[in-house]
Amino acid sequence: MSRVGLDRIAAAAERIAGHVRRTPLDPSPSLSRSCGVPVLLKRESRQTTGSFKLRGATNAVLSLGSEARARGLVTASTGNHGRALAHAAKAAGVRAVVCMSALVPANKVEAVRALGAEIRIVGRSQDDAQDEVDRLVRQEGLAEIPPFDHPDVIAGQGTVGLEIAEDCPQAELVLVPLSGGGLAAGVAAAIKGKLTQARVIGVSMERGAAMAASLLAGRPVSVEELETFADSLGGGIGLANRYTFAGCRDLLDGTVLLTEDEIAAGIRHAHAQDGEVLEGAGAVGIAALLARKVPLSGPVVVLLSGSNIDPVRHRALVGGDATTAAGAW
Ligand SMILES: *Cc1c(COP(=O)(O)O)cnc(C)c1O
């Protein structure tokens, strides 16, 4: 199992050009001032579908063979990966099926349907939805494109790193949101391949950071999944993880964990100072800087990974009403 390297990421960049946005890298005057080194924001929050996930999904869809394309693809994700995959499949003229449980809220179901995907409502849990995915793969030959642990997905996410290296070759530190590790493994491979001086640090929440716990244990482990502002960073890395655990173990220079208050402060800062609406997962890099949790050397590039936050929750957060924002936990 060879690791995803620069060649594969460069091929992905060529394949997805014209299908995804090349997002801006802008200086943040407020963060540069408060950190004492230049800080730049990679605004992947402005990617089509609201997150970088479109890069990996598009690369995976365009890499399918003609038979797989003819049958179509399937996923159980109702989050940013599900959105991205539905969009990429529609753009490529490929059938996409998204399996979800009856407990998924109607607005989320409609959002995926609006992107042109077929919806299958099955059972009452994420596991039931995944069982239906497994059945469609087995019985109807649909291709499952997983959210992170797949070389084409990792290579697609790595194209964010290539753009950072091109736009800021002096970067000394890159902060990357970390969950399953597709983004971090891809970006670290691109950055380390292009910029010998740069460190890459993964940032997660304290509440349920599966990759950080796995790196500490030296093997994939599962952690309890908890509610968090950084909901796109929730979920496990898979005990049978094949690619992203090794990629993160070998390429990341460290990980940082954040409290919920710190993540909320990141969302607020992005809105007030940097003109950016971010979901919790997208704001963890800013939050890590504000919390003084990373040893600084500049220039620092902060990857803003996504913008898909419930507008009511965002308003409550930036209006300062953290109790409403946090709901029950
Ligand atoms: C999926 C996601 C992440 C984490 O990506 P992984 O490849 O799972 O580590 C970070 N931010 C946002 C907005 C995401 O949707």
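The values are calculated or read from the model by the stated rules, or taken from the named source; none is laboratory data. Keep in mind that this is a model prediction, so the values were computed, not measured. So basically every Cβ, Gly included, is an ideal-geometry build from the backbone, and we count neighbours across all protein chains shown.
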Item to check | Scan of the range 99-108 for residues that are assigned to a loop (DSSP other than H, G, I, E, B) and farther than 18 Å from Pro147 by Cβ, ordered by number | outcome: Ala102, Leu103, Pro105
Checklist entry - What single numbered condition from (1) among the small types (Gly, Ala, Ser); (2) in contact (Cβ under 8 Å) with a residue 24 or more places away in the chain; (3) more than 14 Å from the ligand (Cβ to nearest atom) fails to hold for Ser307? => result (3)
Checklist entry - Does Ala165 meet the test of being away from the ligand (no atom under 13 Å from the Cβ), at pLDDT 95 or above and either assigned to a loop (DSSP other than H, G, I, E, B) or buried (at least 19 other Cβ atoms within 10 Å of the Cβ) (or both)? => result yes
Checklist outcome for this item: Output for Cβ contacts, cut-off 7 Å, separation at least six or different chains, first residue assigned by TED's automatic domain parsing to the domain that holds Gly238 and at pLDDT 95 or above in the range 193-209, second of a type in the set (Asp, Glu) and in a strand (DSSP E or B), reads none
Checklist entry - Out of all the residues in the range 225-241, which are within 14 Å of the ligand (Cβ to nearest atom), out of contact with any strand residue (DSSP E or B) (no Cβ under 7 Å at 6 or more places or on another chain) and not in a helix (DSSP H, G or I)? => result Glu225, Phe229, Gly234, Gly235, Gly236, Ile237, Gly238, Asn241
Next on the checklist: Looking at the structure I just gave you, is Ala188 in a helix (DSSP H, G or I) and either assigned by TED's automatic domain parsing to the domain that holds Gly280 or away from the ligand (no atom under 13 Å from the Cβ) (or both)?
Outcome noted: yes
Next on the checklist: Just to be sure I understand the filter: pairs with C-beta atoms under 9 Å, separated by 6 or more residues or on different chains, first member in the range 227-242 and free of Cβ contacts under 8 Å to residues at least 24 places away in the same chain, second member assigned to a loop (DSSP other than H, G, I, E, B). Which pairs pass?
Outcome noted: Leu239/Arg219; Leu239/Pro220; Leu239/Val221; Leu239/Ser222; Ala240/Asp149; Ala240/Pro220
Next on the checklist: Among the residues of the range 204-221, are any of a type outside the set (Lys, Arg) and in a strand (DSSP E or B)?
Outcome noted: yes
Next on the checklist: Here is a list: Arg95, Arg69, Arg83, Arg33. Which entry is assigned by TED's automatic domain parsing to the domain that holds Asp131, charged (D, E, K, R) and more than 24 Å from Thr159 (Cβ to Cβ)?
Outcome noted: Arg95
Checklist outcome for this item: The helices (runs of 4 or more DSSP H) lying wholly within the range 1-98 that contain at least 2 residues that are within 16 Å of the ligand (Cβ to nearest atom) are 6-16, 53-63, 80-92
